[in-house]
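To start, the structure under review is shown below, and the notes come after it.
Nothing in this text is a laboratory measurement; each read-out follows from the coordinates by a stated rule. Treat the numbers as computed from the prediction; the structure is a model and nothing was measured. Ideal geometry is used to build each Cβ from the backbone, glycine not excepted, and the neighbour counts take in all protein chains shown.
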Amino acid sequence: MTMKYYSITQDSKFKTLIGRSGDLSLHAAAQQYAFGKASGSIFEWQYELEFNSDDKKKKDGSDVFTFFKPVLILTSRARAVFDSVAPDSIEDINILSPNSDHSGVLVHTVLESAFNRGLSEFDEYPNGLVVYKVALNALAVQSCDVFRVAESPLSVFVSDKFVDAAKDSGLKGLDFKEVRAV
C-alpha cells in the first residue's frame, strides 16, 4: 500500500492563538527560523500568546494551533500523538498560553530532496520560491511521518500514520489536505 501525505492547517471553525506584541513575535521568530536563522538565538526566551479577539464566535477546544508554522502549539493530547509517531521531528520551545495545557514545539525535520519540482506549482525568484502547490518525491519522504521541505519551509507535512493516530486519539482542530507523492 502506498503511503499518503498531507499538509496540516488549523480547522477554521476553532479559535486561533496569536502572539502578544513585543520585541519579536512568535510568528516573526518562526518565519526567521524557517528561512534559515538558528533556533537557539530565536527561541531562547518565552513567547506570550493570547486567543484572537476576532474569534469570539468560534469553537474552543482545538488540540493543535498552526498559525506559527513551523512552530505548533499543542495540547497534551496532541503532544502525545506527535511523541508516539515522530518524537525526533520536534523540539520544545518556551511559550506562555492562556491555556496551561498548551506547549510549543518546533518541527525541525527538513527534507532536502522531498520537493518534486516537476509536479509542484511554484514561481522561482532570485531569493527563493513561492510555492502554490507541493508535490513530494515519495522515495525521499517514505521514512518520515512529520516533516517540512526546504522549498516550502512554512508548511508542515504528515503521513497516513500520523493522520490515523490523530483520528484514533480524537484530536480536534486539524485539517488535512492530501499532497501528491510520486
Across 58, 69, 161, the residue with the highest GNM fluctuation in the chain (Cα network, 10 Å cutoff) is 58
Amide H to amide H, which residues 5 or more places from residue 135 or on other chains are under 5 Å from it, using H placed in the peptide plane?
-> 116, 120, 121
Listed with the fewest Cβ neighbours within 10 Å leading, 35, 157 appear as 35, 157
Taking the chain and counting helices only, DSSP H stretches of n ≥ 4 at -39,500 (n - 2.57) each over all residues, the nearest-500 ellipticity at 222 nm comes to -5000 deg cm²/dmol
Give, as a single signed number, the net charge of other residues whose beta carbon lies under 11 Å from the beta carbon of residue 96, with Lys and Arg counted +1 and Asp and Glu -1.
-> -1
Find how much the distance from residue 53 to residue 4 grows on full extension, using 0.36 nm per residue of separation minus their present alpha carbon separation; answer in nm with one decimal.
-> 14.0 nm
Arrange 7, 159, 76, 53 by Cβ neighbour counts within 10 Å, fewest through most, would you?
-> 53, 76, 7, 159
Order of 109, 2 from fewest to most other C-beta atoms within 10 Å?
-> 2, 109
Under 13 Å from the Cβ of residue 130, count the other residues' Cβ atoms, weight Lys and Arg +1, Asp and Glu -1, and hand me the total.
-> -3
Any chance you could count the Lys pairs in the chain whose alpha carbons are under 14 Å apart, treating pairs 8 or more apart or on different chains as valid?
-> 15
Rg/Rh (Cα only; Kirkwood hydrodynamic radius) as it applies to region 5-181 = 0.95
Subtracting the Cα-Cα distance of residue 76 and residue 180 from 0.36 nm times their residue separation yields 34.4 nm
Using alpha carbon centroids, what distance separates region 74-110 and region 1-57, in Å?
-> 12
At 7 Å along the Cα-to-beta-carbon direction for both residue 88 and residue 45, put a label point, then send me their distance in nm to one decimal.
-> 3.4
Remind me, relative contact order of region 17-165 in percent, using alpha carbon pairs under 8 angstrom and six or more residues apart?
-> 21
Any idea what the dipole of region 5-181 comes to, in debye rounded to 20, about its Cα centre with Lys/Arg Cβ at +1 and Asp/Glu Cβ at -1?
-> 480
Roughly how large, in nm² to one decimal, is the mean projection of the convex hull of the alpha-carbon atoms in region 80-172?
-> 7.5
Please list the equivalent ellipsoid semi-axes of region 123-175, computed as the square roots of five times the alpha-carbon gyration tensor eigenvalues, in descending order and whole angstrom.
-> 26, 14, 8
Stretch residue 60-residue 20 to full length: gain in nm at 0.36 nm per residue minus the Cα-Cα span?
-> 12.5 nm
When DSSP assigns beta bridges and you keep just the ones with both residues in the chain, what percent turn out antiparallel, to the nearest 5?
-> 80
What does the charge dipole of region 137-182 about its Cα centre add up to, to the nearest 20 debye, if the Cβ of each Lys and Arg holds +1 and the Cβ of each Asp and Glu holds -1?
-> 80
What distance in nm separates the simple spin-label points at residue 160 and residue 96, each placed 7 Å from Cα in the Cβ direction?
-> 4.5
Residues residue 168 and residue 125, FRET efficiency given R0 of 30 Å [Cβ-Cβ distance, rounded to 0.05] | 0.10
